[in-house]
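Just below is one structure, and these are the notes that go with it.
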């Protein structure tokens, strides 16, 4: 997209922490959140003489990610050492991949405002995470927690194929969705298990060479990534329009002040002195293994989205919302399988259920730990509404009562006498009473104020303690008001 | 009757198993010998007397209970101080690790213990194994048992000196460019550098990861084979250790050399060699011919590039391997208010001159813009050197050469110019670059009574042939039986 004759170029680097039980080069637990320095051993502490041993599961996860993003899986790849000093890096080097990554030249299709766009993937490689420095908690001393040291990461590097903030956001969400479907990363940006750095540059529209690239770091939510990129586009465009020279640099996003700030100029860039890791043999991956992993891949979000439209007759939008997360899509399909009409089920999941999940933070590590009610319960509830046994409001009111009980909604409706009143005779009287009690409003309605009807419907509903069938009430009101 | 400390590993273990002698008695004898000679010799950095006696007692109880404690039953051994020992200080002969006590055993340490060996202490070496004379140790001077004015060789100088001086029956060293073979030659004992990947490197403080290999030092070839048998084999904790099965080395010892083809690399007999060394090596070759081997000249044309290649690859790897000594988690820390100053002061105070020199060389070789010209080029030359050996060993069963151009030199003689010292590894370094096994066996003495070493170089994973040739030579000579002055 070009604005004022300026085109933006965006490439993203994602670091995804993998959900393996063990770390990448030792058998310590890779779980998040243990007390500091409890999930550690001589290997992940970088003690003298210890050696890394590659966790085969990490390779399998990398192959999964590569296949799901249409990458080529290298028959021979190689780990390399990235050398630099920092207290959270126990060996003084990070074992990563450099010249020979495991996955190259892939792509993924994203939807931007309903329009498909293909974004290239340069590479995916495996590496170890670092520990974590903890400052300011203990007076002058800084402490280091090495629990995260050696936790497996995939670094996923896109081509500079994105042109707008929306495209970057769509790419990031699609990528996270794929990793979650593959069950290899929980995708939690706030906890740092899914991290994103953005390379942003601007150039005059129609230019064929890239502008000066700025790397933006320190965004810990999707919103932050989008805001940071938007900020950079504005800052750089402004500079370009005023003829200022941009410098290649790394900038940090400051979430409080909503701006990026220069961290270091590339002229003083670290020289990481990469060289092949002599402690690990070249990684040879046989085609047979790749084929096995390919055969075990789950249905991915794009395919599932299309299937939801095709099989369940959902709108593209609903299908997209439902399939972004595997747990949500699974819940929806379980409801349909239990007999719920698909369209209604989709409405309930995307509105009521996901709102409860969001409001009450029922998901941890971006997997819903406990659904408000089971898919089967929701299916019954939706069916009761569909059949006219209860109205939507009654159904909503029943949600809290059903939670954590496992009760059958039909049985609850019966027990509490909540079945919808659809008996014309009984409602005729209530409608007549309301009309008699509110002459002023009746006058207004007859004077052409249509919206007053809603008030009158509400009064009838109130009189029926919510049980009246609202469509029927409306119909009867119109009929009676038209009569007199 | 010879003293307990004179016994071979085989004999000592056999007597422990037969209950002719207890492991505690052997260990006491070793500790007494250490106490007697250490003040003058300085082979040990740490003597672990209490731990050794406790381990010996445990071995004796197992023997008493009718168990077999293993092929090294109750025999006192020493371990180079670059190999980790659980609960026993492991320093790499560096100030930066002077107080480091590992909470884990190296795989080779564990395997020695599993085979019944009793670890009596940790042996001096050049700091981080960087050197050829043990003069680069930051923690002590080790003297040559044959002449206290001379170096024991290096970097595993303590390991060779202690075995020669009867302080322990065998020891472990590490060999990155000749560090087992050279001190073995200088001290008149047997030293083996196994094929890269034959012995686990787990828990061995890394100098140059693609070259380092642990090797045994003992007083004869059969003991060397016995210790190799105990430590060799795949280790799941070292990805570069080979899954190849380990043959029986003892079975190879008495096969003789009849029919074996031995190659004499012409590049290994050079101008400026000490004439007595060349004469002794040529004499040994004739001896082997008399025993039935055939000898033919071979060429290793890329030999002249070996030193340069080695000092690019080894230092590059070292610059990275030694980055972990940063004062953060263990080892020496010089406290400073800023992180950068803490790094600089800790490493400045913790590392010696030679270590700093190699870190700088290696850092330079890996730097952006120089990587292709130095590190990458060196790897290409390494391939050529490996091919030289493949070619030569295609027509021969093993190569015969000197270990070093001279016998042990005097302290300080080569420290002024590091290059002179580097050149001393000229005959050993290519073997590490090619990843091949190399054996050093005593083959004579010079006029001043200093030992001379014969080097045998074999095909990949063919330690058997080296041990076989070494044992045949040893059976026909008595150089190995000579002992240094008490």
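The values are calculated or read from the model by the stated rules, or taken from the named source; none is laboratory data. Quantities reported herein were computed from a predicted structural model and do not represent experimental measurements. Virtual Cβ from ideal backbone geometry, glycine too; neighbours counted across all protein chains shown.
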Subject >> Candidate set: segment A:264-281, residues that are touching a strand residue (DSSP E or B) at 6+ places or on another chain (Cβ under 8 Å), within 14 Å of chain B (Cβ to nearest Cβ) and within 26 Å of residue A:216 (Cα to Cα); chosen: the one modelled with the lowest pLDDT >> reply: A:266
Original post:
What number of residues within segment A:108-133 satisfy the criterion of being part of a loop (DSSP other than H, G, I, E, B) and touching a strand residue (DSSP E or B) at 6+ places or on another chain (Cβ under 8 Å)?
Top reply: 3
Original post:
Looking at this structure, is residue A:208 more than 27 Å from residue A:327 (Cα to Cα) and in contact (Cβ under 8 Å) with a residue 40 or more places away in the chain?
Top reply: no
**OP:** Quick one: which residue in B:162, B:115 is in contact (Cβ under 8 Å) with a residue 60 or more places away in the chain and crowded, with 24+ Cβ neighbours inside 10 Å?
**Re:** B:162
Subject >> Residue list for segment A:129-141, restricted to those being modelled with pLDDT of 85 or more and within 14 Å of chain B (Cβ to nearest Cβ) >> reply: A:130, A:131, A:132, A:133, A:134
Original post:
Based on what the data block shows, is residue B:153 within 17 Å of the chain's Cα centre (by Cα), away from chain A (no Cβ under 13 Å), closer than 17 Å to residue B:208 by Cα and in a loop (DSSP other than H, G, I, E, B)?
Top reply: no
Original post:
Does residue B:40 satisfy the criteria of being surrounded by 18 or more Cβ atoms within 10 Å (Cβ to Cβ), assigned by TED's automatic domain parsing to the domain that holds residue B:158 and not in a strand (DSSP E or B)?
Top reply: no
**OP:** Could you grab me the full set of residues in segment A:88-108 that are surrounded by 19 or more Cβ atoms within 10 Å (Cβ to Cβ) and within 14 Å of chain B (Cβ to nearest Cβ)?
**Re:** A:89, A:90, A:91, A:92, A:93, A:94, A:95, A:96
Subject >> Selected residue (criterion: surrounded by the fewest Cβ atoms within 10 Å (Cβ to Cβ)) from residues of segment A:109-137 that are touching a helix residue (DSSP H, G or I) at 6+ places or on another chain (Cβ under 8 Å) and in contact (Cβ under 8 Å) with a residue 60 or more places away in the chain >> reply: A:114
Subject >> Subset tally (residues that are closer than 15 Å to residue A:114 by Cα, free of Cβ contacts under 8 Å to residues at least 24 places away in the same chain and assigned to a helix (DSSP H, G or I)) for segment A:305-318 >> reply: 3
**OP:** Just need a number here: residues in segment A:209-225 that are crowded, with 18+ Cβ neighbours inside 10 Å and closer than 12 Å to residue A:166 by Cα.
**Re:** 1
Subject >> Criterion: in a loop (DSSP other than H, G, I, E, B) and buried (at least 19 other Cβ atoms within 10 Å of the Cβ) - qualifying residue of B:472, B:404, B:378 >> reply: B:404
Original post:
Of all the residues that make up segment B:325-358, how many are within 11 Å of chain A (Cβ to nearest Cβ), in contact with a helix residue (DSSP H, G or I) (Cβ under 6 Å, 6 or more places away or on another chain) and in a helix (DSSP H, G or I)?
Top reply: 0
Original post:
Among the residues of segment A:57-84 satisfying the criterion of being under 24 Å from residue B:206 (Cβ atoms) and either without any contact (Cβ under 8 Å) to a residue 24 or more places away in the chain or part of a loop (DSSP other than H, G, I, E, B) (or both), which is nearest to the other protein chains (Cβ to nearest Cβ)?
Top reply: A:84
**OP:** Grab the strands (runs of 3 or more DSSP E) fully contained in segment B:160-253, keeping just those with 1 or more residues being within 14 Å of chain A (Cβ to nearest Cβ) and in contact with a strand residue (DSSP E or B) (Cβ under 9 Å, 6 or more places away or on another chain).
**Re:** B:170-174, B:214-218
Subject >> Within segment B:136-150, tally of residues that are in a strand (DSSP E or B) and closer than 24 Å to residue B:401 by Cα >> reply: 2
Subject >> Among (1) touching a helix residue (DSSP H, G or I) at 6+ places or on another chain (Cβ under 8 Å); (2) crowded, with 24+ Cβ neighbours inside 10 Å; (3) within 25 Å of residue B:350 (Cβ to Cβ) - the single one residue B:72 does not satisfy >> reply: (3)
**OP:** Look at residue B:442 and say whether it is more than 30 Å from residue B:242 (Cα to Cα) and more than 14 Å from chain A (Cβ to nearest Cβ).
**Re:** no
Subject >> Hits in segment A:85-107 - residues which are out of contact with any helix residue (DSSP H, G or I) (no Cβ under 6 Å at 6 or more places or on another chain) and in a strand (DSSP E or B) >> reply: A:94, A:95, A:96, A:97, A:104, A:105, A:106, A:107
**OP:** Kindly indicate which of B:99, B:122 is more than 16 Å from residue B:156 (Cβ to Cβ), modelled with pLDDT of 95 or more and either surrounded by fewer than 24 Cβ atoms within 10 Å (Cβ to Cβ) or more than 12 Å from every other protein chain (Cβ to nearest Cβ) (or both).
**Re:** B:99
Subject >> Subset tally (residues that are part of a loop (DSSP other than H, G, I, E, B) and surrounded by 23 or more Cβ atoms within 10 Å (Cβ to Cβ)) for segment A:1-27 >> reply: 5
Subject >> The lone exception for residue A:46 - which of (1) within 14 Å of chain B (Cβ to nearest Cβ); (2) in a strand (DSSP E or B); (3) on the phi > 0 side of the Ramachandran plot it fails >> reply: (2)
**OP:** Test residue B:132 against the criterion of being in the same structural domain as residue B:432 (by TED's automatic domain parsing), crowded, with 24+ Cβ neighbours inside 10 Å and closer than 30 Å to residue B:243 by Cβ, and give yes or no.
**Re:** no
Original post:
Do we have residue A:152 as buried (at least 23 other Cβ atoms within 10 Å of the Cβ) and more than 14 Å from chain B (Cβ to nearest Cβ) here?
Top reply: yes
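Quick grid of which residues meet (1) buried (at least 17 other Cβ atoms within 10 Å of the Cβ); (2) within 14 Å of chain B (Cβ to nearest Cβ):
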{"position": "A:228", "(1), (2)": "yes, no"}
{"position": "A:234", "(1), (2)": "no, no"}
{"position": "A:247", "(1), (2)": "no, no"}
{"position": "A:262", "(1), (2)": "no, no"}
{"position": "A:283", "(1), (2)": "yes, yes"}
{"position": "A:291", "(1), (2)": "no, no"}
Original post:
Applying the selection to segment A:309-319, what residues are buried (at least 18 other Cβ atoms within 10 Å of the Cβ) and within 19 Å of the chain's Cα centre (by Cα)?
Top reply: A:318, A:319
